[in-house]
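Undergrad: Quick one: the structure is below, and I'll ask about it shortly.
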Amino acid sequence: MSEYVVELKNAVKRFPGVLALNQMHLAVKPGEILGLIGENGAGKSTLIKVLTGVHQPDEGEIYVNGEKKVFRNPNDSAAAGIACVYQELNIEKLLSITDNIFINKWIKGPGGLLDYNAMHAKAKEVMASLGQDVDPTKAAGTFGMGVQQMIEIAKAVLIDAKMIIMDEPTSSLGEKEVEQLMRTCRDLKSRGIGIVFVSHKLEELFELCDRVTVIRDGQYIDTRDISGWDNDSLITAMVGRSLDNQFPKEFGVKSAQPMLKVSGLMEAGVLNNVSFEAYGGQILGFAGLVGAGRTETMRAIFGADPIDGGSIEIKGQAMQIRSPRQAINAGIAFLTEDRKGQGLVLAESIRNNLILANLKGFANGPFLNTKKIEEEGQKNISSLRIKTPSIDEIVGQLSGGNQQKVVIGKWVNTESDIFIFDEPTRGIDVGAKVEVYNVMNSLVKAGKCVIMVSSEMPEILGMSDRVIVMRGGEVMADVDRDSKHFNQESLMKAAWGGKLDD
Amino acid sequence: MTKSKKSSNLMSYAGTFGALLILCVILAFASPNFLKFSNFMSILKQTPFTAMLASGMLFCLITAGIDLSVGANATFCACLAGMMIQKEITSNSVVLILVALAAGTLIGFINGTLLTRLHLPHPFVSTLGMKNVLWGASLVVTGSQMVSFSGHDGVMALGAKDIGGFPISFIVVIVIYIIMHVLLTRTTLGRSIYCAGGNMEATRLSGINSANVLTFCYTLSGFMAALAGVVSIGRSGICNGVNAIQPYDTDAIACCIIGGASFNGGKGTMIGTMLGALIITTLRNGFTLLSITSAVQNMVLGLVIIGAVLLDVTRERMEAKARRLAAK
């Protein structure tokens with residue numbers, strides 16, 4: 001019997017032009033939570049897919065309880081007791097919780113028909129053991145992300161998984177849901193299940209993990225007990241260099257007049273009387289819990305969703321914005337939080353994505369100006385440091401950080417005055433984050449107005465000149481960088497509905 | 001980099017072009033009449049009708065949609081012209097052609113509006129419904145009678161006349177294809193069409209009015225169907241409402257798919273579609289030369305569509321595999 005429940009040794013995996021994994025190791029003990037961390041493109045996804053049988057390694061071995069295994073497909077991996085909760089959940093939203101949990105492992109009655117009574121009872125029991133008191137007959141899509149994630153975990157529990165991989169499980173969860181998830185992880189650990197916890201958030205690793213493994217550029221770097229790591233050593237191991245400053249904040253000159261003035265924005269059931277001002281030469285941060293109405297506010301300003309009331313002034317001029325086209329004409333750029341679903345045409349080239357928001361600016365009359373597109377595109381690639389073999393590379397082939405840079409390039413090319421960044425660094429690695437911050441810095445230094453919606457408190461505090469806190473579709477606080485409330489405790493208090501004194 | 005991309009684009013037509021050549025070689029052996037000059041001209045005369053329907057269909061397919069009403073639309077527009085002659089409303093060729101074109105364009109616009117402004121879930125619904133409406137309407141306007149256009153040479157000119165044996169309609173179709181090629185590859189509207197097919201929401205949030213882009217595609221498809229209807233009048237000298245349920249739509253879809261378009265949108269070119277149209281017409285021509293019944297023709301064409309899609313997905317999988325192996 002081995003010390004480890006699952007052990008991966010000397011794994012090598014090659015993709016066209018890329019060595020995705022090079023002599024990779026990973027070992028998980030039963031009843032431990034192993035943190036796995038690395039920059040985007042470090043090989044985490046490939047590593048997970050090798051363990052779950054989606055990819056077959058070109059070299060190397062996998063041992064489960066000391067026994068050598070070969071996973072030809074995901075079924076082999078599941079049969080060996082390895083389960084994975086992917087970042088993008090595999091939930092059939094229209095089907096009930098029970099149907100989701102029992103997909104492909106249905107309980108059948110004597111007549112060969114499905115025994116729903118037994119399945120519902122079992123589903124309720126499993127969900128309850130994960131701290132979720134829910135009605136399993138209800139459609140999975142009617143529940144929030146936290147519960148949907150628990151459904152995925154329930155699937156793993158049901159197949160008696162020995163090891164569960166969680167790929168950035170907290171990225172789409174609110175604060176409370178994260179707490180519940182952590183409780184569940186500790187509970188699973190106490191049942192002897194090994195957990196691989198992939199996260200970009202260092203504080204989560206310190207709170208939860210027993211050991212942390214760092215990988216970089218497809219290579220294994222180090223594994224230590226959590227007590228052997230601190231913030232700096234983790235980041236150094238991850239990026240291979242120490243990042244002096246995670247938030248390279250630079251200051252612009254605040255404009256005399258507000259660039260954007262929003263008054264009494266109403267959207268029934270979503271936004272209630274949202275008013276604020278944003279100035280040129282500043283970054284205005286929007287903090288709040290998931291579902292506080294920050295994205296909805298931005299979508300309303302951008303004309304992506306219809307509003308029920310309120311007015312918008314741009315540079316002192318009242319504007320009626322009813323469509324994204326009008327918003328762009330008024331000088332607003334909007335980087336959506338959902339990069340793949342709303343920001344990019346994944347099947348198209350970098351070249352075509354970069355011009356999408358300003359086709360007129362790249363055309364003479366109805367005809368595309370291919371020369372200008374080529375020149376500006378190359379300029380975007382070098383100034384934003386988009387890592388790509390060519391401007392004609394299909395965007396879907398790029399890593400998350402580089403995809404985000406393409407979205408930024410698309411909006412920089414509109415020459416807007418107001419840039420709304422919604423979760424601009426979600427799911428991208430530390431190095432790329434700094435590059436995104438630098439773009440924001442150069443925008444504010446050019447006198448542009450930047451609005452940044454972020455759920456990362458350190459990012460809000462590190463980069464904002466002013467912060468607006470929202471909760472339940474309302475503005476709770478407006479805090480200047482010089483204010484005594486410009487700290488995590490005060491902002492969190494406001495986000496949870498507390499009042500800040502003057 | 002741009003150069004290698006262009007040459008690989010041309011290479012991607014090599015397979016389709018090769019298929020056309022192989023088809024011609026087989027037919028040349030199978031039928032002594034195939035290689036005759038008059039037969040080639042007859043193929044070029046038959047191609048425009050299908051090629052016109054396919055051009056509109058391609059625009060819809062690129063946006064990840066479909067227009068199942070093109071065949072019925074063409075028949076209806078021809079019947080509308082026939083009705084005006086039958087009821088002696090007018091015999092002015094210009095008026096007849098303009099009414100037909102206007103009607104087809106309007107029908108396309110309605111298809112687009114149903115989809116984009118009235119939010120029907122998928123163009124399958126609106127255009128399939130429209131196909132049936134137009135089938136019935138074609139029979140109603142002509143009183144279920146076949147109408148002859150003999151004596152109305154002006155209306156028939158487009159589909160019947162030729163220059164030195166070379167059909168005018170084919171010249172027209174080539175010009176239209178060149179214009180559409182430029183539209184798709186060199187204009188902002190063309191980029192918008194491909195991008196709307198690739199990701200509708202991202203396109204909308206980039207400030208492009210994707211509803212208008214889609215409406216344009218269906219309106220264009222309606223216009224091209226009407227033009228095809230006018231060509232059909234010249235080719236056959238008649239209009240007949242029962243033709244509305246002929247598998248013209250399937251032929252048009254086959255042209256696009258053989259030419260590299262995808263039901264998932266975002267893909268397809270005019271050059272490929274033209275090759276597809278030539279293959280379909282040559283196939284139909286060969287069937288006629290070999291006296292194969294239309295029932296069998298339909299079966300074979302159905303299989304050709306399935307085969308073309310199968311070939312396309314298989315090719316993509318093989319390429320992905322080749323890339324993987326090349327990396328080793």
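The values are calculated or read from the model by the stated rules, or taken from the named source; none is laboratory data. For clarity, every value in this text was computed on a predicted model and none was experimentally measured. Glycine gets a Cβ as well: all are built from the backbone with ideal geometry, and neighbour counts include every protein chain shown.
Undergrad: Looking only at residues that are loosely packed, with under 15 Cβ neighbours inside 10 Å and modelled with pLDDT of 90 or more in the stretch B:1-26, which one is nearest to the other protein chains (Cβ to nearest Cβ)?
TA: Looking at the filtered set, the residue picked out is B:Gly18.
For every residue, the table says whether it meets (1) outside any strand (DSSP E or B); (2) surrounded by 15 or more Cβ atoms within 10 Å (Cβ to Cβ).
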site: A:Ser45; (1), (2): yes, yes
site: A:Ile48; (1), (2): yes, yes
site: A:His55; (1), (2): yes, yes
site: A:Ile62; (1), (2): no, yes
site: A:Lys68; (1), (2): no, no
site: A:Phe71; (1), (2): yes, yes
site: A:Ser77; (1), (2): yes, yes
site: A:Leu89; (1), (2): yes, yes
site: A:Trp106; (1), (2): yes, no
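Undergrad: Something else: Residue by residue through the stretch A:187-210, note down the ones that are surrounded by 20 or more Cβ atoms within 10 Å (Cβ to Cβ) and not in a helix (DSSP H, G or I).
TA: Of everything in the stretch A:187-210, those that are surrounded by 20 or more Cβ atoms within 10 Å (Cβ to Cβ) and not in a helix (DSSP H, G or I) turn out to be A:Ile193, A:Gly194, A:Ile195, A:Val196, A:Phe197, A:Val198, A:Ser199, A:His200, A:Cys209.
Here's the yes/no breakdown for (1) touching a residue at least 40 places away in the same chain (Cβ under 8 Å); (2) buried (at least 24 other Cβ atoms within 10 Å of the Cβ); (3) in a helix (DSSP H, G or I); (4) of a type in the set (D, E, K, R):
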{"site": "B:Ala64", "(1), (2), (3), (4)": "yes, no, no, no"}
{"site": "B:Ala72", "(1), (2), (3), (4)": "yes, yes, yes, no"}
{"site": "B:Phe76", "(1), (2), (3), (4)": "yes, yes, yes, no"}
{"site": "B:Cys79", "(1), (2), (3), (4)": "yes, yes, yes, no"}
{"site": "B:Ile85", "(1), (2), (3), (4)": "yes, no, yes, no"}
{"site": "B:Ser91", "(1), (2), (3), (4)": "yes, no, no, no"}
{"site": "B:Leu101", "(1), (2), (3), (4)": "yes, no, yes, no"}
{"site": "B:Ile107", "(1), (2), (3), (4)": "yes, yes, yes, no"}
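Undergrad: When only residues in the stretch A:325-339 that are at the interface with chain B (Cβ under 10 Å from one of its Cβ atoms) and crowded, with 19+ Cβ neighbours inside 10 Å count, which is nearest to the chain's Cα centre (by Cα)?
TA: A:Arg339
Undergrad: Does B:Phe29 satisfy the condition of being aromatic (Phe, Trp, Tyr) and modelled with pLDDT of 95 or more? It would help to see each step written out before you state the result.
TA: Values: aromatic (Phe, Trp, Tyr): yes; modelled with pLDDT of 95 or more: no.
Spelling it out, it is not the case that B:Phe29 is aromatic (Phe, Trp, Tyr) and modelled with pLDDT of 95 or more.
Undergrad: In contact with a strand residue (DSSP E or B) (Cβ under 9 Å, 6 or more places away or on another chain) and either hydroxyl-bearing (Ser, Thr, Tyr) or over 23 Å from B:Val242 (Cβ atoms) (or both): which single residue out of B:Thr90, B:Thr142, B:Thr127 fits that description? Please lay out each step first, then the result.
TA: Working: B:Thr90 fails: in contact with a strand residue (DSSP E or B) (Cβ under 9 Å, 6 or more places away or on another chain); B:Thr127 fails: in contact with a strand residue (DSSP E or B) (Cβ under 9 Å, 6 or more places away or on another chain).
Answer to the selection: B:Thr142.
Undergrad: List every residue pair whose Cβ atoms sit under 6 Å apart, with the two residues 6 or more apart in sequence or on different chains, where the first one lies in the stretch B:261-285 and is within 14 Å of chain A (Cβ to nearest Cβ) and the second, anywhere, is aliphatic (A, V, I, L, M) and surrounded by fewer than 22 Cβ atoms within 10 Å (Cβ to Cβ).
TA: Partner pairs satisfying both residue conditions: B:Gly265/B:Ala64; B:Gly266/A:Ala347.
Undergrad: If you scan the stretch A:295-314, which residues turn out to be part of a helix (DSSP H, G or I) and of a type in the set (A, V, I, L, M, F, W, C)? Let's see the steps before the verdict.
TA: First, pick out the residues of the stretch A:295-314 that are part of a helix (DSSP H, G or I): A:295-301.
Selection gives A:Met298, A:Ala300, A:Ile301.
Undergrad: Out of the helices (runs of 4 or more DSSP H) lying entirely within the stretch B:153-226, which hold 2 or more residues that are surrounded by fewer than 20 Cβ atoms within 10 Å (Cβ to Cβ), more than 14 Å from chain A (Cβ to nearest Cβ) and touching a residue at least 40 places away in the same chain (Cβ under 8 Å)?
TA: Details: elements: B:153-160, B:168-186, B:188-198, B:200-205.
Of the helices (runs of 4 or more DSSP H) lying wholly inside the stretch B:153-226, those with at least 2 residues that are surrounded by fewer than 20 Cβ atoms within 10 Å (Cβ to Cβ), more than 14 Å from chain A (Cβ to nearest Cβ) and touching a residue at least 40 places away in the same chain (Cβ under 8 Å) span B:153-160, B:168-186.
Undergrad: Working only within the stretch A:315-364, note down all residues that are among the charged types (D, E, K, R), more than 23 Å from A:Ile391 (Cβ to Cβ) and assigned to a loop (DSSP other than H, G, I, E, B).
TA: A:Lys315, A:Arg322, A:Glu337, A:Asp338
Undergrad: List pairs: first in the stretch A:479-495 and over 17 Å from A:Pro458 (Cβ atoms), second buried (at least 17 other Cβ atoms within 10 Å of the Cβ), Cβ under 6 Å, 6+ apart or cross-chain?
TA: That search, which allows pairs on different chains as well, returns A:Asp480/A:Arg466.
Undergrad: A further question on this structure: Among the listed residues A:Ser416, A:Ser390, which satisfies the condition of being within 14 Å of chain B (Cβ to nearest Cβ), assigned to a loop (DSSP other than H, G, I, E, B) and crowded, with 20+ Cβ neighbours inside 10 Å?
TA: Working: A:Ser390 fails: crowded, with 20+ Cβ neighbours inside 10 Å.
A:Ser416 is the lone residue from the list that is within 14 Å of chain B (Cβ to nearest Cβ), assigned to a loop (DSSP other than H, G, I, E, B) and crowded, with 20+ Cβ neighbours inside 10 Å.
Undergrad: Same structure, new question: Here are some residues: A:Lys372, A:Lys379. Which one is closer than 23 Å to B:Gly190 by Cα, modelled with pLDDT of 90 or more, more than 12 Å from chain B (Cβ to nearest Cβ) and over 26 Å from the mean Cα position of the chain (by Cα)? Walk me through it before giving the result.
TA: Working: A:Lys379 fails: closer than 23 Å to B:Gly190 by Cα.
Selected residue: A:Lys372, the only one of A:Lys372, A:Lys379 that is closer than 23 Å to B:Gly190 by Cα, modelled with pLDDT of 90 or more, more than 12 Å from chain B (Cβ to nearest Cβ) and over 26 Å from the mean Cα position of the chain (by Cα).
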